[in-house]
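> This is the structure I have questions about; it appears just below.
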Amino acid sequence: MNDRERRLLGLGSPISRRDFLNGTLLGTAGLIAGVPPTQGAAPADTFTGYGGVGDYRLANGNTWPVVQAAHRLRDAQYPATAYAKAAPAGEYDLIVVGGGIAGLSAAHYFLKAGGRRRVLMLENHPIIGGEAKQNEFLVDGERLYGPQGSNDFAIPTAGSGSLTDAFFAEFRLPREFDWQTWDTGLAPLRFARDNYSNMDGFQESQVDVGYYFDRAQGAAAPVWRRNIWNDSLVGTPFSAEARRDLMRWRATHGPLSEVENRYLDTLTYRDYLENVRGFDPAVTRFVEPIVGLLSGVSADAASARIGRQLVEAPANPMALSFPGGNAPFPRALLRALIPDALPGNDFDSLLFGAINFGALDRDATTRIKLCATALRLEHRGPAAVEVTYVQGDKFFKARAATAVMASGGWINKHVLTDMPDDLRAAYDEFAYAPALIINVALRQWRFLYDLGVTACRWFDDDGFGYCCNIRQNMTTGTHAPPLHPDRPAILTFYMGLPIPGLAAATQGPAARAKFYATPFADFEVRVRRQMLRLFGPQGFDPKRDIAAIVLNRWGHARLIEPPGFHYGVGGRPSPLERVREGYGRVAIGHSELNGAQHWGSALEYGKKAGERAAVIGGFG
Ligand SMILES: Cc1cc2nc3c(=O)[nH]c(=O)nc-3n(C[C@H](O)[C@H](O)[C@H](O)COP(=O)(O)OP(=O)(O)OC[C@H]3O[C@@H](n4cnc5c(N)ncnc54)[C@H](O)[C@@H]3O)c2cc1C
């Protein structure tokens, strides 16, 4: 990159990030986004990059220390002596590995079923929440929040008896919310209230979405088209056949029966689109990145059962998002487990209160150890399990009557050394794909307003990402950021990294290897270049407009579900069923046991595992 491009991209400015020059830390963290050092700018490194401000600043996605510890475990690099000499760290009734929604749910429901017991929770990040965490920014005096991953939720119907309904009731979560209002005097725009609704196949008809086409898509010159579905794709460069079939694709919606789902699980989504429905391949290309985000893999590898869930159902209400995505759910569970850890009992403190880290590891009932990676969990005699974990450079071991693995299969395979062969074989069928969530804190977004949009979609084959949007934020008594094109806001990019043409099981590892090998600085350049290409002609200036960029890498974001995975093939049960059973004194409860993960499945499988552990331990 030459100096001119560096200047154009705003890479020389003391903003955004980390201050690296050619990958070298310059050590000016205090200047990041105008945040004084006392506000705790994250220590930058070439992998993790700038993490924002506030309690979550050291935990943006899978950070370098977390990845390092996990890979050392995978590669058997911890010496045998470390296990042998691990310091005793107490006896408990339950050990929980993983402090995401599932782990916290397991602990909560274990205690409800088993009475006052001692729980040890190990979480390898510096804060609880797992994929349901938030990024925080301070831009020109405005505190802004964005999701790191887990983002949208639907309000459960009161009295429906569902687990999420019971959860909302138990934790007194509101079911009506306030949202930023548009009182600018300018013509209003329509926003998504989360970071999915703007995507095609969700609720994009309720959002003002701009579609960017250039010569590669057949446009005579780069052009923006707004809300393309409104006028049946007129003005887009798609061929007549593609337009017809895209409209037919979009008109396919409605719930599916179990029989239909089972049928769809026997073929790939591409087969379904092109061979069953006979659609032009342009439809597959159109949906490819969305399928890639949701399923982790391309349409020629994902089950049609997952792809078919796309396509806007007009009656569906817009999905919602808390300011920090689904972070309030694990925070509510944390507050129930250790009230001092998140003081207060109102909604605002649930969302924005500072975590009292000192309270996490001192309560007699539940102790949460952060930055603690479980390395090995095995049975010790007929009535106990023992976990060995590393925290910093120290090794510990603790015992309990029972354990819940609320972590995913990619790590459980290495931790559970005494698991039976059939469970290992089931786990060997699990494959995972990465996802990347990038929050770009903007000083202003007039360039989008002038396009008449709050979300964008583009179609590069080799470019970066495929969509981004600005949410209409939920507001509360203490949090009401402005909704004005001349004021700060977060522009969020969600993307999977599918690799069409590769088998389902190899796409994830191939994408992950590339993604782990890419330094933060490279991703940053790609974001800035893409934004400059898309929005430069509208007056966007990266140097002036970008206040900060936070990258959230999720190496194992999605459990890949190729055809046959969900229901099993040839009369053989799905490997999901075997894993759900656990073994011995170990209950397994992670959102992935649902197949497609969501906060409700994390709650559900965590609860089931916690209650099962209470029975195994003889407490229930
Ligand atoms: C990019 C992305 C977007 C998503 N969007 C949505 C959405 O919009 N809505 C929705 O409902 N869901 C969404 N999800 C799904 C999300 O998986 C669930 O909502 C939920 O947050 C998962 O919770 P969990 O506890 O099952 O798993 P996790 O959040 O993965 O929690 C497991 C925890 O265990 C820790 N851990 C792992 N190994 C060890 C070890 N050896 N020792 C100690 N700790 C360990 C992990 O670091 C993690 O903190 C999204 C997920 C991703 C990745």
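> Report, ordered by the first and then the second residue, all pairs with beta carbons closer than 9 Å, sequence separation of six or more or different chains, a first member in the stretch 126-145 that is at positive phi, and a second member that is assigned to a strand (DSSP E or B) and of a type in the set (A, V, I, L, M).
Within 9 Å, the pairs are D140/A547.
> Ok, one more. Of these, G159, G149, which one is part of a loop (DSSP other than H, G, I, E, B), at positive phi and not acidic (D, E)? I'd like the intermediate steps shown before the answer.
Details: G149 fails: at positive phi.
Result: G159 is the single residue among G159, G149 that is part of a loop (DSSP other than H, G, I, E, B), at positive phi and not acidic (D, E).
> Of the residues R580, R528, R544, which single one is of a type outside the set (G, A, S), at pLDDT 95 or above, touching a helix residue (DSSP H, G or I) at 6+ places or on another chain (Cβ under 7 Å) and closer than 26 Å to Y50 by Cβ? Give the steps one after another, and end with the answer.
Numbers: R580 fails: closer than 26 Å to Y50 by Cβ; R544 fails: touching a helix residue (DSSP H, G or I) at 6+ places or on another chain (Cβ under 7 Å).
Just one listed residue meets the conditions, R528.
> Still on this structure, I have one more. If you scan the stretch 546-564, which residues turn out to be basic (K, R) and more than 20 Å from A299 (Cα to Cα)? Let's see the steps before the verdict.
Step one: filter the stretch 546-564 for residues basic (K, R), giving 553, 558.
Selection gives R553 alone.
> Output the residue which, of all residues in the stretch 583-610 that are modelled with pLDDT of 95 or more, touching a helix residue (DSSP H, G or I) at 6+ places or on another chain (Cβ under 6 Å) and assigned to a loop (DSSP other than H, G, I, E, B), is farthest from the ligand (Cβ to nearest atom).
R585
> Output the qualifying pairs, or none if there are none: Cβ atoms under 7 angstrom, residues six or more apart or on different chains, first residue in the stretch 552-572 and more than 24 Å from I411 (Cβ to Cβ) and free of Cβ contacts under 8 Å to residues at least 24 places away in the same chain, second residue in a loop (DSSP other than H, G, I, E, B) and aromatic (F, W, Y).
Within 7 Å, no pair qualifies.
> If the requirement is being of a type in the set (S, T, N, Q), within 30 Å of G570 (Cβ to Cβ) and modelled with pLDDT under 95, which of these qualifies: T252, T268?
Checking each option against the conditions leaves just T252.
> Search the stretch 403-419 for residues being more than 10 Å from the ligand (Cβ to nearest atom) and more than 21 Å from Y83 (Cβ to Cβ), and hand back the single one that is surrounded by the fewest Cβ atoms within 10 Å (Cβ to Cβ).
Here is the first cut: in the stretch 403-419, the ones more than 10 Å from the ligand (Cβ to nearest atom) are 403-404, 409, 413, 416-419.
The next check asks that each one be more than 21 Å from Y83 (Cβ to Cβ); those that pass are 404, 409.
Details: V404: 35, G409: 26.
It comes out as G409.
> Further question: Let me confirm something: among G115, G103, which residue is closer than 21 Å to A398 by Cβ and either among the polar types (S, T, N, Q) or at pLDDT below 95 (or both)?
On the way: G103 fails: either among the polar types (S, T, N, Q) or at pLDDT below 95 (or both).
None of the others qualify; the one that does is G115.
> Could you check G568 against (1) in contact with a helix residue (DSSP H, G or I) (Cβ under 8 Å, 6 or more places away or on another chain); (2) surrounded by 22 or more Cβ atoms within 10 Å (Cβ to Cβ) and say which number it fails?
It fails just one condition, (2).
> Looking at the stretch 285-317 only, could you name the residues that are among the acidic types (D, E) and over 16 Å from S197 (Cα atoms)?
Going through the stretch 285-317, the residues among the acidic types (D, E) turn out to be 288, 300, 312.
The answer is E288, D300.
> Filter the stretch 341-376 down to the residues that are touching a helix residue (DSSP H, G or I) at 6+ places or on another chain (Cβ under 6 Å) and either surrounded by fewer than 17 Cβ atoms within 10 Å (Cβ to Cβ) or closer than 22 Å to R116 by Cα (or both) and list them by number.
Passing the criteria: A341, L342, N356, A359, L360, T366.
> A follow-up question, please. Can you tell me how many residues within the stretch 374-403 are in contact (Cβ under 8 Å) with a residue 24 or more places away in the chain and either farther than 26 Å from G508 by Cα or over 30 Å from the mean Cα position of the chain (by Cα) (or both)? Before you say what the answer is, go through the steps one by one.
Pass one, the stretch 374-403, residues in contact (Cβ under 8 Å) with a residue 24 or more places away in the chain: 374-379, 383-385, 387-390, 394-403.
Checking the rest, the ones that are also either farther than 26 Å from G508 by Cα or over 30 Å from the mean Cα position of the chain (by Cα) (or both) come to 377-379, 383-385, 387-390, 394-403.
The total comes to 20.
> Mind checking whether some residue in the stretch 197-209 is surrounded by fewer than 18 Cβ atoms within 10 Å (Cβ to Cβ), over 25 Å from T454 (Cβ atoms) and either in contact (Cβ under 8 Å) with a residue 24 or more places away in the chain or away from the ligand (no atom under 16 Å from the Cβ) (or both)?
Filtering the stretch 197-209 down to residues surrounded by fewer than 18 Cβ atoms within 10 Å (Cβ to Cβ) leaves 205.
In the following step, the residues that additionally are over 25 Å from T454 (Cβ atoms) were identified as none.
Taking every residue of the stretch 197-209 in turn, none turns out to be surrounded by fewer than 18 Cβ atoms within 10 Å (Cβ to Cβ), over 25 Å from T454 (Cβ atoms) and either in contact (Cβ under 8 Å) with a residue 24 or more places away in the chain or away from the ligand (no atom under 16 Å from the Cβ) (or both).
> Given the conditions (1) without any contact (Cβ under 8 Å) to a residue 40 or more places away in the chain; (2) in a loop (DSSP other than H, G, I, E, B), and given that D271 satisfies all but one, which numbered condition is not satisfied?
Unmet condition: (2).
> Further, regarding this structure: Condition first: buried (at least 23 other Cβ atoms within 10 Å of the Cβ) and either more than 23 Å from the chain's Cα centre (by Cα) or not aliphatic (A, V, I, L, M) (or both). Now tell me which residues in the stretch 433-444 satisfy that. Can you show your working first?
Applying the first criterion (buried (at least 23 other Cβ atoms within 10 Å of the Cβ)) to the stretch 433-444 yields 433-442.
Of everything in the stretch 433-444, those that are buried (at least 23 other Cβ atoms within 10 Å of the Cβ) and either more than 23 Å from the chain's Cα centre (by Cα) or not aliphatic (A, V, I, L, M) (or both) turn out to be P434, N439.
> How many residues, within the stretch 285-329, are of a type in the set (F, W, Y), over 20 Å from E592 (Cα atoms) and within 16 Å of the ligand (Cβ to nearest atom)?
Keep residues of the stretch 285-329 that are of a type in the set (F, W, Y), which gives 286, 322, 329.
Restricting the remaining residues to those that are over 20 Å from E592 (Cα atoms) gives 286, 322.
Retained after the next criterion (residues that are within 16 Å of the ligand (Cβ to nearest atom)): 322.
The qualifying residues number 1.
> List every residue pair whose Cβ atoms lie under 7 Å apart, where the two residues are 6 or more positions apart in sequence or sit on different chains, the first residue falls within the stretch 430-446 and is more than 26 Å from G568 (Cα to Cα) and assigned to a helix (DSSP H, G or I), and the second residue, located anywhere, is of a type outside the set (S, T, Y) and more than 16 Å from the ligand (Cβ to nearest atom).
Note: pairs meeting the criteria are R446/P485; R446/D486; R446/G539.
> Is it true that A613 is crowded, with 24+ Cβ neighbours inside 10 Å, over 18 Å from the mean Cα position of the chain (by Cα) and part of a strand (DSSP E or B)?
Details: crowded, with 24+ Cβ neighbours inside 10 Å: yes; over 18 Å from the mean Cα position of the chain (by Cα): yes; part of a strand (DSSP E or B): no.
Against the criterion (crowded, with 24+ Cβ neighbours inside 10 Å, over 18 Å from the mean Cα position of the chain (by Cα) and part of a strand (DSSP E or B)), A613 does not qualify.
> Could you please let me know if V297 is over 26 Å from I101 (Cα atoms), under 23 Å from the mean Cα position of the chain (by Cα) and either in contact (Cβ under 8 Å) with a residue 40 or more places away in the chain or buried (at least 16 other Cβ atoms within 10 Å of the Cβ) (or both)? So that I can check it myself, show each step before the final result.
On the way: over 26 Å from I101 (Cα atoms): no; under 23 Å from the mean Cα position of the chain (by Cα): yes; either in contact (Cβ under 8 Å) with a residue 40 or more places away in the chain or buried (at least 16 other Cβ atoms within 10 Å of the Cβ) (or both): yes.
Judged against the criteria, V297 is not a match.
> State which residue is farthest from T402 (Cα to Cα) when the search covers only the stretch 92-144 and only residues that are hydrophobic (A, V, I, L, M, F, W, C) and more than 15 Å from the ligand (Cβ to nearest atom). First the steps, then the outcome.
Restricting attention to the stretch 92-144, the residues satisfying the condition of being hydrophobic (A, V, I, L, M, F, W, C) are 94-97, 101-102, 104, 106-107, 110-111, 113, 119-122, 127-128, 132, 137-139, 144.
Adding the requirement that they be more than 15 Å from the ligand (Cβ to nearest atom) leaves 111, 113, 137-139, 144.
Numbers: L111: 13, A113: 14, F137: 40, L138: 43, V139: 46, L144: 41 Å.
Top of the filtered list is V139.
> Looking only at the stretch 480-490, how many residues end up being buried (at least 17 other Cβ atoms within 10 Å of the Cβ) and either of a type in the set (V, I, T) or more than 18 Å from Q206 (Cα to Cα) (or both)? Write out each step before concluding.
The initial filter retains those residues of the stretch 480-490 that are buried (at least 17 other Cβ atoms within 10 Å of the Cβ), namely 481, 483-485, 487-490.
Imposing the further condition that a residue be either of a type in the set (V, I, T) or more than 18 Å from Q206 (Cα to Cα) (or both) reduces the set to 481, 484-485, 487-490.
The number of residues fulfilling the criteria is 7.
> Based on this model, can you work out whether Y212 counts as crowded, with 18+ Cβ neighbours inside 10 Å and either assigned to a loop (DSSP other than H, G, I, E, B) or touching a Gly at 6+ places or on another chain (Cβ under 9 Å) (or both)?
On the way: crowded, with 18+ Cβ neighbours inside 10 Å: yes; either assigned to a loop (DSSP other than H, G, I, E, B) or touching a Gly at 6+ places or on another chain (Cβ under 9 Å) (or both): no.
No, not satisfied.
> Let me ask something else about it. Are there any pairs, at least 6 apart or on different chains, whose C-beta atoms fall under 8 Å, with the first in the stretch 476-504 and at pLDDT 95 or above and the second among the hydroxyl-bearing types (S, T, Y) and surrounded by fewer than 17 Cβ atoms within 10 Å (Cβ to Cβ), and if so, which?
P481/T475; L483/T181; L483/T184; H484/T184; P485/T184
> Now for a separate question. What are the residues in the stretch 459-478 that are surrounded by fewer than 17 Cβ atoms within 10 Å (Cβ to Cβ) and of a type outside the set (G, A, S), if any?
Quick first cut of the stretch 459-478, residues surrounded by fewer than 17 Cβ atoms within 10 Å (Cβ to Cβ) only: 460-463, 475, 477-478.
Listed by number, the residues that qualify are D460, D461, D462, T475, T478.
The values are calculated or read from the model by the stated rules, or taken from the named source; none is laboratory data. This structure is a prediction, so every number in the text was calculated from the model and none was measured. Don't worry about glycine lacking a Cβ; one is built from the backbone with ideal geometry, like all the others, and counts go over all protein chains shown.
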